[in-house]
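Worksheet for the structure shown next.
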Amino acid sequence: MVVSADRMALTIELQQLWKSYDGKPALQGLFFDARPGEIVGLIGPNGAGKTTTLKILVGLLRPDYGLIRVKGNDVLADPISYKADVGYMPEAPTLPEYLTPNEFLGYVGRIRNLPRDRIADRTRELLAILDLAPKADETIASLSKGMKAKVAFAAAILHEPSILVLDEPLIGIDPAGQHLLKERLAAMARAGATVLVSTHQLDTAERLCGRVAIVNHGRNVATGDLAALRAQAHTGAEGSLEDVFLRLTQEAVAPAIEPPRPRGWFRRG
Amino acid sequence: MGRTLTLFVYKLQFFFGPAFRGRFGPLAYLALILIFLPSGFGFGFGLGMTVKAADTPNGVGILAAPLAGLLSVGLLYSLGAGVTAHASEFDFFLTADIRPRQYLVADLLFQLISLLGAGGLAAGVAAVAMTVAMGQPVYAAVPLFGLLVVYEFFVLMTAQVLVILRVRYPKAPVRLVTIAILILSLLPSAGLANPAFPIRFAGLPIPATAFAALGLAVLQGAAWPVVDVLLAIVWAGGIALAWYVLSDTYIVHGLRPTMSAGFGQVDMGSRMEMQRHLTARLGGVTTRVRFRPERGGDTSLMTRLHLVRIWRDGSFVYIAILAIVVILSSGFGAGGASATGAVPVTQILTLLMGILAMNWAFYERENLWIVLTTAKPPGAYFRGLMLSFAAVSLVATGGFIAFLSATRSVRLPIENLALPIAAPIASAFVATALLTRIKVKPSAFSFAVLGIFFVVSLGGFMGGLAAQAAVVAARSVGVFAAEAQATVLVGFLLALTSFGLWIVTRLAASFRL
């Protein structure tokens, strides 16, 4: 199959993503893409399909139908090797609370196949940057919610991934910590990483993301930079992302449509 | 009584409702009760036969050991919670103007009724089996069962009294005293295994001895000894009085959620919360055992990770105490030097494995996202899980064998030891294999929950019996030397472990969160 040069430049490409839980559709033909150096925001109401999309992208869920390419590679055909390039921070991450941040990051480094001296350096560096150094040898269970989120963030970027997938990364983190994380994300994007962020914080998405995909009921409502979204929502040049979001997601929802019939044994498009 | 009844009914509906409303309705609950009946009968009959063969002081001791074990479990429970409360009760009931005594009565009734509901029939069958074994008419089981219910009520009240004391006098060493009573109540059990042990149940003015003496009188068709009747009344009445005096103490601030889910349900949130509570509290102590991720290969890394988890989250301490309590109070020592004594111990070891497996399924499975979002397959993770399970259980086996060595002059033959040595490895293998496939859902009645317990236990026994068969077969072809039989056993264990690791790796390759 020939892939065009334009498509080759994409780090993430999702097409016609369908997923249902017990017959209830969660994703109905969702699509979007992202390029190197880009921070893409994924926003939508509760139950819109954001977390499902991100879990599919990082391999924790399998779609009923659709195409997922990461750096040009078909993720459903090779669901393992692409993960070496991906960092993931789940929404409300569960962590092994019996470990200390030091031990946890060491463990993550090992399963990320980092050289052992590199693990120690990165752990020290990240714990210092994220103001976690004083808590490095206390169990995660004793940390505050925000500190736990920082530990999860450190684990996501420990191996310096070129693709970072973050599901509501700023929940529970104090303003200074949020600022720190946003700066870090911007720096990673400047260095060429692709960052995909799901968030309900529309002002953050507006300032942080180059492009935003608005999803509702598992479908794309609109995708583009703020100017394109304003045009689509007819909010005028001064319209905020919140105005755009409210306008586009409150419009009548199209009736549910039948998913494409899976082809072949592997239920892929 | 109105509010107490409402609370009691809420607890009952919360705990048993899901099972009755579930896919299999009361049938599933009935199945669970029936599963315990054969072991109830076996336990009762065995106990009855042992008592029959013993003289009166030994008979009292044999009956007192399980009663002391029951009290120890109650004391253990009081160290943790002592009161059953779901998180929703804290949010909606304990914020209302309910008097502490109203809540405690409801809780006491709930605990008693649910215990009788879950194990009452098996206990009744055990009582019948004991009377049959002693050659008494079957109706003699009624007062025997009645004594057990009264004793159980006494245990539950004791646990509540200790909780109230702990909350009311936070600076008093109530926990320390509880631990001391726990150890002291178990200590005489050692006298069953080793007749030279100076402390014995008979003659001690403790509740287990008093109730055991009354039980023995029922089983022998003799008159109830007045001293023991008085002693039982003093103990039960004393605790009831203490409970009444203390039960209007405000203790809500000292309680925490313990009843995390209804029967057959899995309430992940509450269980996680409980685990966090425990981990945070034990963290300072347990981090002295360090996890060094920079060392060893992948399987070693994961084995150490799981061992550190089991150590730091308190599971190890919990199952160690449970193992000691149950092994000491199972009347194993009283079983004499017979080979069958290894069977209840093996059953306990496999049940401990079931507890470890459930713990993993409840609060550790979620952490697998860390492994599954990397490019490494989860084989090493599950191999480590199996090896850690086996290691923990083998520690308990080691303790059991050490206990045997210390208390017996006669050494058990290797074929009898093969069962408790091989069963932990086999049950670790079966537990891990199941965990790669079973997802414990918060469903109304989860057969996964039962499956983990019973299949793990069954698998452990089958592995243990296979090891025993290998040693017996070796003897039948002329291998009589203990060293040679031990070599056969070690070879079998290595083969079983390798096979288990291979299967687990294959199953893990297709694991889905």
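Annotation: peptides B:162-169, B:455-462, ranked by per-residue average of other Cβ atoms within 10 Å with the highest first, follow the order B:455-462, B:162-169. Projecting the Cα positions of B:L204, B:T4, B:M462 onto the charge dipole of the protein assembly as shown (unit charges on Cβ atoms of Lys, Arg, Asp and Glu, taken about the Cα centre) puts B:M462 furthest along the positive direction.
Interface burial in the stretch A:52-66 reaches 50 Å² or more for A:L60, comparing the full protein assembly with the chain by itself; accessible area from heavy atoms with a 1.4 Å probe.
Taking packing as the residue-averaged number of other Cβ atoms within 10 angstrom, the listed peptides B:126-134, B:114-122, B:423-431, A:13-21 run from highest to lowest as B:423-431, B:126-134, A:13-21, B:114-122.
Projected onto planes of every orientation and averaged, the convex hull of the alpha-carbon atoms in the stretch A:156-212 covers 3.8 nm². Taken residue by residue and averaged, Cβ atoms of other chains lying within 10 Å of the Cβ of A:72-84 number 1. Close amide H contacts of A:G87 (hydrogens built in the peptide plane, cut-off under 5 Å, sequence separation of 5 or more or a different chain): A:I163, A:L164, A:V165. Rounded to the nearest 10 square angstrom, A:K71 shows an accessible area of 80 square angstrom against a 1.4 Å probe. Which positions within the stretch B:347-374 get 10 Å² or more of their accessible surface covered by the other protein chains, compared to the chain by itself, with a 1.4 angstrom probe? When all protein chains are present, B:E364, B:E366, B:N367, B:W369, B:I370, B:V371, B:L372, B:T373, B:T374 each give up 10 Å² or more of accessible surface. Over chain A, what percent of the accessible surface lies on carbon and sulfur atoms, probe 1.4 Å? On chain A, the fraction of accessible area on carbon and sulfur atoms equals 53 percent.
Interface B-A: total buried accessible area of about 2900 Å², 1.4 Å probe, protein heavy atoms only.
Projecting the Cα positions of A:A187, A:F31, B:I438 onto the charge dipole of the protein assembly as shown (unit charges on Cβ atoms of Lys, Arg, Asp and Glu, taken about the Cα centre) puts B:I438 furthest along the positive direction. With contributions of -39500 (n - 2.57) from each DSSP H run of at least four residues, the per-residue ellipticity at 222 nm computed over chain A stands at -10000 deg cm²/dmol. Can you list the residues of the stretch A:104-137 whose accessible area drops by at least 30 Å² going from the chain on its own to the full set of protein chains, with a 1.4 Å probe? SASA drop of 30 Å² or more in the stretch A:104-137: A:Y107, A:R110, A:I111, A:R112, A:R116, A:D137. With no solvent and one equal point scatterer per Cα, compute the Debye intensity ratio I(q)/I(0) for chain A at 0.08, 0.10, 0.15 Å⁻¹ and report its log10, rounded to two decimals. Those come out to -0.34, -0.53, -1.14, one per q.
Counting Cβ atoms of other protein chains within 10 Å of each Cβ in B:288-297 and taking the mean gives 4. Accessible surface calculations at 1.4 Å, restricted to protein heavy atoms, place the protein assembly as shown at 43 Å² per residue. The Rg/Rh ratio for the protein assembly as shown, using Cα coordinates for both the radius of gyration and the Kirkwood hydrodynamic radius, is 1.03.
Ranked by the mean number of other Cβ atoms within 10 Å per residue, highest first, peptides B:391-398, A:186-193, B:151-158 order as B:151-158, B:391-398, A:186-193. Based on alpha-carbon atoms, the Kirkwood radius and the radius of gyration of the stretch B:200-250 give Rg/Rh equal to 1.13.
The values are calculated or read from the model by the stated rules, or taken from the named source; none is laboratory data. If you're wondering where the values come from, they're calculated on a predicted model, not measured in any experiment. Note that we place each Cβ from the backbone using ideal geometry, even for glycine, and neighbour counts take in every protein chain shown. To get the accessible areas, we keep the full protein, side chains included, count just its heavy atoms, and leave off ligands, DNA and RNA. Shrake-Rupley method; radii C 1.70, N 1.55, O 1.52, S 1.80 Å.
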